[in-house]
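Undergrad: I'd like to ask some things about the structure below.
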Amino acid sequence: MSSTMSQKTLSRRSFIQSGIAFGGALATGARWSPAMATAPVLKVYSRTIEVNRQAAKVFSVAAKDGAKGIYANEGDRLSGSLFNATDEPLQMHWHGQIKAPYDQDRARPGGSALPPGQSDAHDFELTAGTHWMHSHSLSEQQMLAAPMVAREKDTGDVQDVVIMLHDFAFRSPQEILAELGGKSAHEGHETAAPSRAQSMPPAMPGMPHGPGMMHAMPGPGSSPMMMGTPHANDVRYDAYLANDRTLDDPEVVKVDRGGRVRLRVINGGTATAFFISMPGLIARCVSVDGTPCQPVEATTFPIAQGQRIDLVAEIPGDGGAFPVLAQVEASQFVTGIVLATPGATIRKLATSAEQTSGMVDLGFESQIRAVQPLSPKQSDKAFMVMLGEEPGYRWTINGRVHGEHQPFEVRLGERVEMTFMNPTMMMHPMHLHGHHFQVLALGGRRFSGAVRDTVIVPPHAPVTIAFDAAQRGAWLMHCHHLYHMATGMMTEVRIV
Ligand SMILES: [Cu+2]
């Protein structure tokens, strides 16, 4: 197995080394050659991976040490250049990085794309926790994403294991968008490619069709999904990946007998929510979207697009092999990795679960309490945010698609409360740039919930959040379902 390049960097010791790389002490890092001193800190490039025994061209992000993404320590900075070595313009978004200055994130209104062959300079302190970077355009579908983890000072003696999930298609995102019947709504460089879009792609070989699949593939221009019952999975994928691999040939991460593991799961899927489980182990959620929460023990943990979840588990003293499974919402598809102690027998895992999973709902969210909630304060502004769907795969906020949107206007320092209402039949993971917010009410019931940056809004379940407007700028707020965002479900919060 060619597995361990990415996980090699994840031992505690390696995090410390990696911290040197991002801590501004490059010149003294013994691992760097003089030539590397001028090399970019991050390079975005194209590569070929194998999915279901077929070659697939995808994007990747490499750091100087060869790791895919950033593995650093709390307090470290991202200092240096991001080089676009692809042949496509790039709008990189630092998801969850609330210390990144407004003008260092190209995913902003009017933010142009970084042309091929060019670099951006960056210098900001990494936000502690499990965060990530991804392109803010359709190329996110082609895996233009990577972890951005700054290990918390108080993490303790645990082994960090990062898992990045993806929903993978051999078709281009432009084709997928056209299959859905949608057109790109927001300004930018991409348009829906009509070619091949009218034909129904063949069924996924060797994979069962869960209920969600029934809703896949509406004809262009039609929108059968507007009616009927709540549903998920409106895109038909060819595979679900965990650290670039299917469960047929999963990554195997070595762990210690009796050791403690902290899984940092990142949902880089563009249209897929998952349920995480660790059969044979007791898992506790200690952080959501990179922000600590009171520990919550459960057997399955939902994670929607854009979200992260940190799970801590103890490996038994007598060792063994322990799968970490990610089952697609409303489906039987499963992906994942395996944690194994030395010498453990690793059994073949089924890529299809016996039971179809349910839909992601607010049950888990209602159990999460932030370690550090927002300070008690009356809100200065309160907004209603109505999520909507119109015929022709047009997804809206307050009745408008992005481009025709009405920004939410607030002042620096104001406490802003927002209530998302969702009369549509799909769940929307809503994400606000540049801020962490607190969940304050679910289904109308107020409580002091999680602090995070992406929250799900299921059909007919209002969700209220609050945040303190922290930095001037026009911050994007959008659904993290890529094709909902691309066809209109995006607006901005203007802080003046
Ligand atoms: Cu959505």
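Each value in this text was obtained by applying a stated rule to the coordinates, not by laboratory testing. As the structure is a computational prediction, the values presented were derived from the model and not from experiment. Don't worry about glycine lacking a Cβ; one is built from the backbone with ideal geometry, like all the others, and counts go over all protein chains shown.
Undergrad: List, in order, the whole-Hz ³J(HN,Hα) value for each residue of region 234-242 obtained from phi through the Karplus relation with A = 6.51, B = -1.76, C = 1.60 and θ = phi - 60°; use x for Gly and Pro.
TA: Once rounded to whole Hz, the list reads 7, 10, 8, 9, 8, 6, 10, 10, 10.
Undergrad: Just rank Tyr45, Tyr71, fewest to most, by other beta-carbon atoms within 10 angstrom.
TA: Lowest count first: Tyr45, Tyr71.
Undergrad: For region 61-158, run through the trypsin sites (Lys or Arg not before Pro) and keep only the ones in DSSP coil with at most 13 other Cβ atoms within 10 Å of their Cβ.
TA: Lys153
Undergrad: Could you give each residue of region 86-99 its phi-based ³J(HN,Hα) in whole Hz, using Karplus coefficients 6.51, -1.76, 1.60 with θ = phi - 60°, and x for Gly or Pro?
TA: Calculated HN-Hα couplings, in order: 8, 9, 10, x, 10, 10, 7, 10, 8, 6, x, 8, 7, 9 Hz.
Undergrad: Testing the spin-label approximation: label points 7 Å from Cα along Cα→Cβ at Arg369 and Tyr102. State their distance in nm.
TA: The answer from the label model is 3.6 nm.
Undergrad: Something else about it: Mind listing which GluC sites (Glu not before Pro) in region 397-496 are in a DSSP loop and have 12 or fewer other Cβ atoms within 10 Å?
TA: Glu404
Undergrad: Through the Karplus equation 6.51 cos²θ - 1.76 cosθ + 1.60, θ set to phi - 60°, convert the phi angles of region 324-331 into ³J(HN,Hα) values in whole Hz; use x for Gly and Pro.
TA: 10, 9, 10, 9, 5, 3, 6, 7
Undergrad: At a 10 Å Cβ-Cβ cut-off, how would you order Leu263, Leu349, Leu442, fewest neighbours first?
TA: Leu349, Leu442, Leu263
Undergrad: What ranking of Asp249, Asp76, Asp310, Asp103 emerges when the number of other C-beta atoms within 10 Å of each C-beta is taken as an exposure proxy, fewest first?
TA: Asp103, Asp249, Asp76, Asp310
Undergrad: Could you tell me which trypsin sites (Lys or Arg not before Pro) in region 318-406 are loop residues by DSSP with no more than 14 other beta carbons within 10 angstrom of their beta carbon?
TA: In loop regions of region 318-406 (DSSP not H, G, I, E or B), the sparsely surrounded trypsin sites (Lys or Arg not before Pro) are Arg347, Lys348, Lys377.
Undergrad: Quick one: if the Förster radius is 51 Å, what FRET efficiency do Ser352 and Met384 give, using the C-beta to C-beta distance and rounding to 0.05?
TA: Approximately 0.80, to the nearest 0.05.
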